[in-house]
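In what follows, a single structure is set out as structure tokens and then discussed.
FYI, it's all coordinate maths here, none of it is from the lab. All figures in this text were calculated on a predicted structure; none of them were measured in a lab. Methodologically, a virtual Cβ is constructed for each residue, glycine included, from the backbone with ideal geometry; neighbour enumeration extends over all protein chains shown.
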Amino acid sequence: MALEKLGFPLLFVPCYTRAMTDTARELPFTETEYLAFDRESEVRHEFNDGVLWAMSGGKIKHNDIAFNITAILKEAARPRGCRVTMENIKVRAGRAYFLPDVAVTCEPRSGEDDILEHPCALFEVLSPSTETRDRTLKLEAYTRTISSLEQYALVSSERRYVELYTRAGSGLWTYQSFAQGEEFTVSCLQTTLSLEQIYRFVDLKAEPDE
């Protein structure tokens, strides 16, 4: 999959290294230091290659979309012994850590309460400040390093539109897009999710996400 051909403009992403938080050592964070720092911080952070991204709170429609997805999938997850988490739970992708808007797992809990090790489906609700990272860095990390992952969905917050990457039996990833009136299957839960459900009561004309 040629990520460099996606063609999206580079957007500013708030981030910092140790140089911005500890002037005594102008070095990137290690994985261990990141986990310790983030667990003490009031603000959640994503982490990749020594760099942290501070995650700001989403706008109302962003949160409404993520909540709708979570609520629908929880109903399908419970009978299967699966779990659905939202926003503040980290997903490990190689040596990177991300905070997907919605994550699904059918694996037993690991020893870390704030880290999800084996997700089978991940959802990111797009906003202008994170879209490039969701489409490039996260897409590559998720699909190349998480062997349990079956699907990765990019959900628009500007229109009723979902892009879905699905791992085929051969291990290759396929791409599909869905618009108003359509639905798709969340394979690890064997349930369908319609765009009507995702965008129910969501005011897409509200202030754009930042």
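The figures follow:
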{"quantity": "Extension gain (nm, one decimal) between Ser110 and Thr185, 0.36 nm per residue minus Cα-Cα", "calculated": "24.3 nm"}
{"quantity": "Dipole moment magnitude, nearest 20 debye, the range 99-163 about Cα centre, only Lys, Arg, Asp, Glu C-beta charged", "calculated": "260"}
{"quantity": "In Hz, Karplus ³J(HN,Hα) per residue of the range 126-142 (6.51, -1.76, 1.60; θ = phi - 60°; x = Gly, Pro)", "calculated": "6, 9, x, 7, 10, 4, 4, 5, 5, 7, 10, 4, 5, 4, 5, 5, 4"}
{"quantity": "Eligible lysines near Lys205 by straight Cα distance, threshold 17 Å, same-chain separation 8 or greater", "calculated": "Lys59, Lys61"}
{"quantity": "Gain in span if fully extended, Glu163 to Glu40, counting 0.36 nm per residue against the direct Cα distance", "calculated": "40.8 nm"}
{"quantity": "Residues Tyr165, Tyr199, Tyr175, sorted so that the one with the fewest Cβ neighbours within 10 Å comes first", "calculated": "Tyr175, Tyr165, Tyr199"}
{"quantity": "Förster radius 30 Å - calculated FRET efficiency between Asp203 and Glu31 (Cβ-Cβ, nearest 0.05)", "calculated": "0.15"}
{"quantity": "Top positive-direction residue, dipole computed over the range 60-198 with Cβ charges, set Pro100, Ala77, Thr143", "calculated": "Thr143"}
